[in-house]
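Below is one structure; the comments refer to it alone.
The values are calculated or read from the model by the stated rules, or taken from the named source; none is laboratory data. Keep in mind that what you see is a predicted model, and the values were worked out from it rather than measured. Cβ coordinates were reconstructed from backbone atoms using ideal geometry, including for glycine residues, and neighbour counts include every protein chain displayed. To get the accessible areas, we keep the full protein, side chains included, count just its heavy atoms, and leave off ligands, DNA and RNA. Shrake-Rupley method; radii C 1.70, N 1.55, O 1.52, S 1.80 Å.
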Amino acid sequence: MSVQIDHLLNETRRFAPTADFANQAIGTSKLYANAADDRLEFWADQARDLLHWHKPFTKVLDWTNPPFAKWFEDGHLNVAWNCLDRHVLAGHGDRVALYFEGEPGDSRAITYAELTAEVKRAANVLTKLGVQAGDRVAIYLPMIPEAVISMLAVARIGAVHSVIFGGFSAESLRSRIDDANAVLVITADGGYRKGRVTPLKPAVDMALTGVPTTVRNVLVVKRTGNEVEWTDRDLWWHDELASVDAEHEAEGFPAENPLFILYTSGTTGKPKGILHTSGGYLTQVAFTHKNVFDLHPETDVYWCTADVGWITGHSYVTYGPLANGATQVLFEGTPDTPHPGRWWEIVEKYKVSILYTAPTAIRTFMKLGRQIPQGFDLSSLRLLGSVGEPINPEAWMWYREVIGGNVAPVVDTWWQTETGAIMISALPGVTVTKPGAAQVPIPGVAIDVLDEAGVHVGHGNGGLLVVTEPWPSMLRGIWGDPERFIETYWEKFGEENPRYFAGDGARLDEDGDIWLLGRVDDVMNVSGHRLSTAEIESSLVSHPMTAEAAVVGAHDETTGQAVVAFVIIKYSHLEESSHEDIQAVLRAHVTQQIGAIARPRQIFIVNELPKTRSGKIIRRLLQDVAEGREIGDTTTLADTSVMQVIKSTLR
Ligand code: WTA
């Protein structure tokens, strides 16, 4: 990390907003002043201005039982109504909500009126299938309009969705369905990926077969038309939607009604079900989407490239943009199929003006060369956003110059599944931006950088990133595990004055601006996706060949980090199989258990692992090996020769 810090310290380029941009900007410095004046009143104003309340709230925040927060508690709202009907009633029914672009090139423009109509029918289907307010519905879909429609239909009836990324395996799906006791799964026959059909339904069948389950029905969207096996619990989406009434009245639900659970990796083997509720969440996603992305809903075409299976897709594909009445692109495919200019072709086709993506994608395009984006007309782009991992200054500059034509401001947005919405980011019409820095908390959010003892580090120093005051879109808990919620996030700096520990390292520069430095725990960040070292280790160890395993996130030029595993194989298997075979079997095993995103880039077969006297694996030393560095301090090892042994086996 020290190399990175030195590098960042030398970054002196600055970009002030142009007068043209600043003059038309939605987010102004007045927001900071108002929030500083009265933080809670500021958020109450946002909640009233940005959302429609079926019953207005009178209380803003209840923090009498920290860390369990309640925002706008006595207010009632319907999240889906806020994203749909109210825009239609305001005369924007003909505005395009989604420009859907399928991987094979099929496309479909869906207006707010059409989207509202579809969601109403889908909501009626859910009710017909016995789904009630508070019930959990699992959604396992490709990036197609039905993913957004399903989420909104669940929200509309006050139920709770749990979206599971389509790249997760049947096992991951099963454990998430079980943990939340879902009553319904919404899936598709398949999706298109890299020019091929990827079936989805078989994973759902596998997840539900042969085990007791709370799932009563599986609703199947026909996307790819591939053959699917059929059971008594299965229903076709199109048949069901055609069979119900077109009208559906959205009732108001309490602001703290759960909206969704989203599973994310933590430091232990078991993914955490992060719980978000309605009123505070929608307030902060709408506020940040509007002000950080400078959204002018009448003229902008917005595109966030994240999948709805991740928090970025929840907050900045489904809820933020639709709450704000935006027109957006929804893309099913990948950046490089059928050609490496696919994204830029889409920007040109829809005249995308705001693009929100991840550093890993930017670095991949950098590698391919600027001639590819330069082959398309990108002049519509006027604002660029980044999320998911620290963006290195080179990638930031390339993004600005090559994609943004040297004029579009770049905003680097720091936040997490747990925070629900953007927490740290420049405001594009206000902030003088610095390549590589997320910079400043958004108005109304309180951030600090502390040392291990909980003391503010001061300008020019590094430490741990902390949120010091509750915020509207904060997680309300871990599904079914309040103890873990408290331990994981709120106890590090004492129970007296609970502060939220994010798990990220950060540095304050001389101006007090924040530079993110990556995770300080055993969570890896691979292509902007969070993966737990412990989860992959337990998957490796669950294979009968493996005696022991340790996983580290090693630096990778494109993906930020890559999964590198060190395994000890039982002697009998070593005699029987080649290293290549063992490595292939273990890679396939992890893919099958967790999903392709967790598949190790490299697996080293070793006969020892570096441990402390108390038996804890010292991952830092393995990271040195994985990154090809000199081995660091080995004095805490129980057996100081072990690193030599490991290095010699690898040669
Ligand atoms: C990392 C994604 C640096 C960070 C929205 C965080 C970032 C984790 C940034 C959350 C950024 C996200 N700069 N690091 N702009 N954005 N991260 O839950 O380590 O998938 O803790 O949420 O991603 O990942 P998650």
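Numbers at a glance
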| read-out | value |
| --- | --- |
| Where N is the number of residues in the range 211-334, Cα Rg divided by 2.2 N^0.38 Å | 1.31 |
| Share, in percent, of DSSP beta bridges within the chain that are antiparallel, nearest 5 | 60 |
| Expected 222 nm ellipticity per residue - DSSP helices of 4 or more, -39500 (n - 2.57), all of the chain, to 500 | -8500 deg cm²/dmol |
| Tensor-based shape of the range 373-471 (alpha-carbon gyration tensor, a/c under 1.5 rounded, otherwise prolate or oblate) | prolate |
| Whole-angstrom gap from the range 294-322 to the range 155-199, using each part's C-alpha centre | 20 |
| 4 °C / 1.567 mPa s Stokes-Einstein diffusion coefficient of the range 93-218, Kirkwood radius on C-alpha pairs, µm²/s | 85 |
| Hits among lysines - C-alpha to C-alpha of residue 120 under 24 Å, sequence gap 8 or more where chains match | 55, 128, 222 |
| Radius ratio Rg over Rh of the range 507-651, counting only Cα atoms, Kirkwood formula for Rh | 1.00 |
| Between the range 24-84 and the range 484-504, the Cα center-to-center distance that results, in Å | 24 |
| Between the range 590-645 and the range 341-355, the alpha-carbon center distance in angstrom | 43 |
| Against the rule of thumb 2.2 N^0.38 Å, how large the Cα Rg of the range 77-151 comes out | 1.18 |
| Solvent-accessible area, 1.4 Å probe, carbon plus sulfur percent, for the range 497-651 | 49 |
| Semi-axis lengths (Å, descending) of the ellipsoid that matches the C-alpha gyration tensor of the chain | 37, 31, 25 |
| 20 Å Cα-Cα reach of residue 647 towards aspartates and glutamates, excluding residues that sit fewer than 8 places from it in its own chain | 548, 580, 608, 624, 627, 630, 633, 639 |
| Unit charges on C-beta of K, R, D, E only; dipole of the range 526-590, Debye | 200 |
| P(r), alpha carbons of the range 580-644 - 10 Å bins starting at zero, rounded % | 19, 39, 31, 10 |
| Partners for residue 351 among aspartates and glutamates (Cα-Cα distance below 19 Å; same-chain residues under 8 apart left out) | 94, 101, 103, 106, 294, 298, 300, 332, 377, 401 |
| Links that overshoot a 30 Å alpha carbon limit, given the list 367/570; 70/272; 194/616; 270/611; 270/290; 30/59 | 367/570; 194/616; 270/290 |
| Average accessible area per residue (Å²) across the chain - probe 1.4 Å, nucleic acids and ligands excluded | 38 |
| Apportionment of accessible area to carbon and sulfur, the range 247-377, percent (1.4 Å) | 54 |
| Candidates per GluC sites (Glu not before Pro) in the range 143-227, loop by DSSP, up to 13 other Cβ within 10 Å | 227 |
| DSSP-defined antiparallel bridges as percent of all bridges, the range 517-651, nearest 5 | 75 |
| Length-normalised contact order for the chain - Cα pairs under 8 Å, 6+ apart - percent | 13 |
| Under the Karplus curve 6.51 cos²θ - 1.76 cosθ + 1.60, θ = phi - 60°, whole-Hz ³J(HN,Hα) for the range 81-86, x wherever Gly or Pro sits | 4, 5, 8, 9, 3, 5 |
| Amide H contacts under 5 Å for residue 356, placed H, 5+ residues apart | 303, 304, 305, 385 |
